[in-house]
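Structure record follows, encoded as structure tokens.
The values are calculated or read from the model by the stated rules, or taken from the named source; none is laboratory data. All of these numbers come straight from a predicted model, not from anything done at the bench. Using ideal geometry, Cβ is built from the backbone for each residue, glycine included, and neighbour counts are taken over all protein chains shown.
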Amino acid sequence: MLRLLERYPGATPYHLSIGEGGIFEHPTGVHTVLGSCVAVTLHCPHTKIAAMFHALLPHQKDFQKPGIVESPYRYVDSGIDALIHELKKRGVNKHRLHCKVFGGANAMFFNQHGVGMRNVEAAVQTLAAHRIRISKSNVGGKRGRKLLFVTHTNEVFLKYVGKPE
Amino acid sequence: MLKFLIVDDSRSARAKLETILGKYGRCRMAEDGKQAVELMESALRAGHNYDLVAMDLEMPVLDGHAAIKEIRLLEDKHNLSPEDRAKMVVVTSRTDPQTVLRVHYDDHAQTYISKPYDSEEIEQTLVNLGLVEPPDGGDHEGVVAC
């Protein structure tokens, strides 16, 4: 899938791990693989600054242990808050952002409130609280997803992992 | 050649999708959910299915959620395998969280796109749903999902 980046001269590949997020001010091909985890991409068409995280669990307050400092990007809600905060520091108006949501497969709990769906719920609710419109989403189902986010164009290439449902 | 079913009560919305999807295959149009179900039924009776349905939600007669349910029941009735089922892409101006969740987890649509959208988003969706060959033709070997 990384070969797609050959179409974008100057774009640097970057692997986004679980619980990691970041701001991308230069052309980057951010790649990751999602199962029940959720990735949110944010892109400002005016500044071409983009952001993305790969979160494992829905709400920070439900899982964080006292005294332990964790990355905000382990959780969907704190991940969104953190990215918006970082973008604001760089002068990006959150209401100009184009947002996409991916992941949230429910391999073991299809049709039930598995962690995948709860991750997606956390994403859409947190984004709504920030009044950020989701322009596109590809979530749910039983299969994992391999993603490549081209930060300066806002394109997200997706490939399913596994057999069709 | 790919076969698309475009379902929207707005003539301009149908025309925009036809312009984009028409580059990749043949498009049939439905002005509401009921027409979409009828077109799907006649296609399945004739022994073929649409590759992708682009479905609006708010429509007269039969809304998008109900139409998707009917279409999936028809596909079940014809014993279509997962590979042979139409890919469902919801294209809507509804942006509330409940709608996004319902589209994916009740309707089991693969992709949600909010209006207004760029044509590139539709084309990208064709690649991502495996209907148009990705430029690299890569595989998934060695991939471990979280």
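Quick rundown of the values:
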| read-out | value |
| --- | --- |
| So B:VAL100, is it in contact with a helix residue (DSSP H, G or I) (Cβ under 8 Å, 6 or more places away or on another chain), at the interface with another protein chain (Cβ under 7 Å from one of its Cβ atoms) and modelled with pLDDT of 90 or more | yes |
| Test: B:ARG85 is under 25 Å from B:GLY22 (Cα atoms) and exposed (fewer than 13 other Cβ atoms within 10 Å of the Cβ) | no |
| All positions within region A:134-145 that are assigned to a strand (DSSP E or B) and either more than 7 Å from every other protein chain (Cβ to nearest Cβ) or modelled with pLDDT under 95 (or both) | A:GLY144, A:ARG145 |
| Candidates A:PHE149, A:PHE102, filtered to the one that is among the aromatic types (Phe, Trp, Tyr), under 22 Å from B:HIS108 (Cβ atoms) and in contact (Cβ under 8 Å) with a residue 24 or more places away in the chain | A:PHE102 |
| Qualifying positions in region A:1-15 - touching a residue at least 60 places away in the same chain (Cβ under 8 Å) and more than 10 Å from chain B (Cβ to nearest Cβ) | A:TYR8, A:ALA11 |
| Qualifying residue in region A:111-121 (condition: surrounded by fewer than 19 Cβ atoms within 10 Å (Cβ to Cβ), touching a residue at least 40 places away in the same chain (Cβ under 8 Å) and at the interface with chain B (Cβ under 9 Å from one of its Cβ atoms)) | no |
| Condition broken by A:THR126, with the remaining ones in (1) of a type in the set (Ser, Thr, Tyr); (2) crowded, with 22+ Cβ neighbours inside 10 Å; (3) assigned to a loop (DSSP other than H, G, I, E, B) satisfied | (3) |
| Some residue of region A:60-70 being surrounded by fewer than 22 Cβ atoms within 10 Å (Cβ to Cβ) and touching a Phe, Trp or Tyr at 6+ places or on another chain (Cβ under 6 Å) | yes |
| Count of region A:146-163 residues which are buried (at least 20 other Cβ atoms within 10 Å of the Cβ), more than 9 Å from chain B (Cβ to nearest Cβ) and not in a strand (DSSP E or B) | 1 |
| Strands (runs of 3 or more DSSP E) lying entirely in region A:1-104 (those with 1 or more residues that are of a type in the set (Ser, Thr, Tyr)) | A:12-15, A:28-34, A:38-43 |
